[in-house]
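The values are calculated or read from the model by the stated rules, or taken from the named source; none is laboratory data. Note that the structure is predicted; figures quoted are calculated from it, not measured. Quick reminder, even Gly has a Cβ in these numbers, built from the backbone with ideal geometry, and neighbours come from all protein chains shown.
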Amino acid sequence: MTAPLLQVRNLKKYYPIRKGVMARTVGQVRAVDDVSFDVYPGETLGIVGESGCGKSTTGRAILRLEAPTAGSVLFEGTDIATLSAGTMRRLRTDLQMVFQDPYSSLNPQIRIGDLLAEPLIAHHRLGRAAAHARAAEIIQVVGLPKLYLNRYPHELSGGQRQRVGIARALMLEPKLIVCDEPVSALDVSIQAQVLNLLKDLQAEFGLTYVFISHGLGAIRYISDRIVVMYLGKVMEVGTTRAIFAGPRHPYTEILLDAYPEANPHLRDRPRIIVEGDVPSPAKPPAGCVFHTRCPSAQAICRTEIPQLTSDDHPVACHFPLSASKTVEAVG
Amino acid sequence: MSSRKYDWIGTLGTIWATAISHLPWRIRLSTTPELLQVRNLKTEFSTDQGAVTAVDEVSFSLAPGETLCLVGESGSGKSVTALSIMGLLADNGRVAGGSIRFEDQDLATLPERRLRAIRGNSIAMIFQEPMTSLNPVLTIGDQLSETMILHLGLTKAQARERVIELLTKVGIPRAAEVVDDYPHRLSGGMRQRAMIAMALSCGPKLIVADEPTTALDVTIQAQILKLIRDLSAETGTAMILITHDLGVVAEMADRVAVMYAGQVVEQADVFTLFDEPKHPYTTALMRSIPHLAGPAGERLTAISGSVPSLAQMPTGCRFHDRCPQAMDRCRDDRPELLQLNGSPDHTVRCWLYDVPVAKVLP
C-alpha cells in the first residue's frame, strides 16, 4: 500500500471556557478529542457529522489554521503542528482550502483576476504578468469565461463564486485541498455543478481531497472513504461502499436512516429515529459520547470510552453492528 | 313494512353517490370545498430599479387535511407566495393581482384588522429560524399563551395549563419547567418544537411552514418531520410546506408544486411527480441530487447556468436558456399551465406538452 499523504494522530483541540473578570478557565470545550485517520494520495476522504462534531475544526487543524492542543498532523511525514512559521509558510502551497461561503471568503474589493494571481505573487512563484496569465488559464479550467477576471465577486452568482474559490485553491498547484462544506451554501441545481467540477479536477491534476460536509448525499457521491464524527470523536472509518452498505456504528446507521431520501415510495421504510439532542461538547457524556442517544447502549457504554478498532473497517463501539446488514437498493 | 315504502330514497342516494364518484375530477371539486384557493397570484416589490415581480400567475388549491409542498431554489418565489398568503409581505411588497380564497374570504383584499383575526388563529405559520421568530425577552410560556389569550379568550392560568399540555404534545421533556425558560435556553430542535406548539395553539385549519427543518441537523430534522406528520394526521390540519429539499418533499407531501423563477412549472401528486416528472426543470432537478439508495458513482447531471434574477427575467419560458429541450417558440412565447392528457391533477408549464385540447383555465 502507498504511504499516506496525511496522517492525523490523536489530534485534540480544546477551547477554554473563561469566566469572570480574571478570565479564569472554568472548563473546556472538547471540539476535537483524540482523532486519528490517514489520507492517501489521490483519494477523497469524506468527513461527515452533524454540527458540533468537530469536523470543521479538524479540517482547520490540518492546515494549521487552528493550533492543536495535542496530537500531530503529519504531511508527507513532517509534523506540521510543530513547524516554524517560515517552514509552514512554504508548506502551505501544498495545502489549500475551499471554504463554505464564497460570499465571505472572497475580498469584495479585489477583482477576480487579482484574487487569483495574489497567491502566486505572495509566494514569489511568478511575477505579476505571468501570474495574471496563469489566472487566465485556471479560470477557464474551473469553467468560467476569461472576461470574469475583470469582475468583482459581487457580480458573480454563488456557484460562480465557489468556482473562483476553487480556482484560487488551485493556483499554487497544491497536493491536498481541504473542502469545508463547499456546496452547502449553494442551490440544489448548482451543487451538482461544483461536485462534478471537483471530481474532474481531481482526475486531471491528481488532487487529494479532504471533503467535510454534513450532507450525506454529497459525501457519498464524492468520497472514496468516509470518517464519521460525533461530538469530537471518530465513530467509524470505512470505504464509502462499506459505510453505506453496512454501517457498524449505531450512530452511522441512525444518521443514514435520518436522511430524507428523494423517493416517496421509501417514506414508510422501517428506520430508527433517535430521540434527544446532541450533548454539549463542553460537558461530553462519560464513556461513549453517543450512549445518551444510543438505542443499544449497555452499562459499559456509560463508563468506558470505546477505542477505534484496527481492522479494515474501524469502529469505536462496544457493541458494533454486524456488517452483514445491507441497505436496500431501490430506485 | 312501512320502512320499505321509502327504500327508493336510499336507492336514489346510492345512484347519486355513484354518479358523483364517476364525474370528472374538475367538476367533483365543487362538492368538496377547498380550504384554500390561490388563483393567478401576482406579488410585486417596488425597488430602486422599479417594480419587480417575485411571484407571477401562481395558482394552487388545498383541501382540508392535505399537505402541499412548494419546492424550488432560492429566488423561485416560494417564500414570497407564503408571505402573500399570510399578509406578511415587507413594506415594499404588495399583492398586485389574483385572489387568495381561504374558506369564503379573499385574503388578498381583506383589511389588516380582519386578517389579524385569521392569522395565528385559523392560519398559523412556522418559520425557518425559530430563534429570530421567538421573542428573546419573553418566556416560552408567555409567547405561547399570548395567542391563546388573544384569539381564544383564555385566562392566564388556563393558557398556562394549555401551554404545558402543548409542549408535552410536541415532545418537549420537562414541559412544566421549560414553560418558564427563555428561548435561548433551548436547543434548535427544541425551539422548533416550541414554534410548532405555538402554531398549533389555536387549533388552526392551515399551517404554513417555511423551511421548518433547514436550519436543523439531519437527525433532529427526522424528529421534527415525524412530529409534523404525526400531528397533522392527528389534528387533520392542512399544510403548505415550503422547502428546497426534494427529500423532505418525498417524505411529507400529498401534492407538490414545483416553482421556478416566480412561477409554478409543474404540479402533481407526490408519487406522480417523482415517478413521472414532466417539466424539464423538474427532471433536471431530480437528476442533480445525490441519493443514498441505489447505485453509487453514477455521475450527477448538473443544470447549467444559474437561476435568473427577478429584474432580468428571460422572455418566453423562464427556464429556456437552461433547458436542454428548448425549442424556438420557448424563447418567445410564454407557456401557459397545461393539463396533461389522462391525468387531470397533473399540470405542467411547458410547450413540450402543448396539445390543443389540453389547456387548463388560468
Tally time: how many residues in segment B:216-248 are out of contact with any Pro (no Cβ under 8 Å at 6 or more places or on another chain), under 18 Å from B:L70 (Cβ atoms) and assigned to a helix (DSSP H, G or I)?
3
Out of A:A169, A:A135, report the one residue that is of a type in the set (G, A, S), more than 12 Å from every other protein chain (Cβ to nearest Cβ) and over 23 Å from A:A61 (Cα atoms).
A:A135
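Looking at segment B:191-206, is at least one residue facing chain A (nearest Cβ under 8 Å) and either free of Cβ contacts under 8 Å to residues at least 12 places away in the same chain or surrounded by 22 or more Cβ atoms within 10 Å (Cβ to Cβ) (or both)? Before the answer, list the steps.
Filtering segment B:191-206 for residues facing chain A (nearest Cβ under 8 Å) gives none.
No, segment B:191-206 has no match at all.
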Residue by residue through segment A:54-75, note down the ones that are part of a loop (DSSP other than H, G, I, E, B) and either of a type in the set (V, I, T) or under 15 Å from A:V178 (Cα atoms) (or both).
A:G54, A:L63, A:R64, A:L65, A:E66, A:T69
Can you pull out the residues in segment A:133-150 that are more than 22 Å from A:Q202 (Cα to Cα), out of contact with any Gly (no Cβ under 6 Å at 6 or more places or on another chain) and surrounded by 16 or more Cβ atoms within 10 Å (Cβ to Cβ)?
A:Y148
Condition first: assigned to a helix (DSSP H, G or I) and surrounded by fewer than 20 Cβ atoms within 10 Å (Cβ to Cβ). Now tell me which residues in segment B:148-159 satisfy that.
B:I149, B:L150, B:H151, B:L152, B:K156, B:A157, B:Q158
Going by the conditions given, is B:E266 within 13 Å of chain A (Cβ to nearest Cβ) and at negative phi?
no
Which is in contact with a strand residue (DSSP E or B) (Cβ under 6 Å, 6 or more places away or on another chain) and of a type outside the set (F, W, Y), of A:Q100, A:Q109?
A:Q100
Which pairs turn up if I take residues in segment B:97-112 that are part of a helix (DSSP H, G or I) and look for partners that are at pLDDT 90 or above and surrounded by 13 or more Cβ atoms within 10 Å (Cβ to Cβ) with beta carbon separation below 8 Å, at least 6 apart in sequence or on another chain?
B:E112/B:G87
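Quick check, is B:P173 over 15 Å from B:N121 (Cα atoms), more than 14 Å from chain A (Cβ to nearest Cβ), surrounded by fewer than 23 Cβ atoms within 10 Å (Cβ to Cβ) and more than 18 Å from the chain's Cα centre (by Cα)? It would help to see each step written out before you state the result.
Numbers: over 15 Å from B:N121 (Cα atoms): yes; more than 14 Å from chain A (Cβ to nearest Cβ): no; surrounded by fewer than 23 Cβ atoms within 10 Å (Cβ to Cβ): yes; more than 18 Å from the chain's Cα centre (by Cα): yes.
When the stated conditions are applied, B:P173 does not pass them.
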Considering only residues that are over 19 Å from B:S122 (Cα atoms), more than 10 Å from the chain's Cα centre (by Cα) and in a helix (DSSP H, G or I), which ones fall in segment B:58-91?
B:V80
Go through segment B:217-249 and count every residue that is free of Cβ contacts under 8 Å to residues at least 40 places away in the same chain, surrounded by 19 or more Cβ atoms within 10 Å (Cβ to Cβ) and more than 9 Å from chain A (Cβ to nearest Cβ).
2
Residues to consider are A:E66, A:E50; find the one that is within 14 Å of chain B (Cβ to nearest Cβ) and within 30 Å of A:I17 (Cβ to Cβ).
A:E50
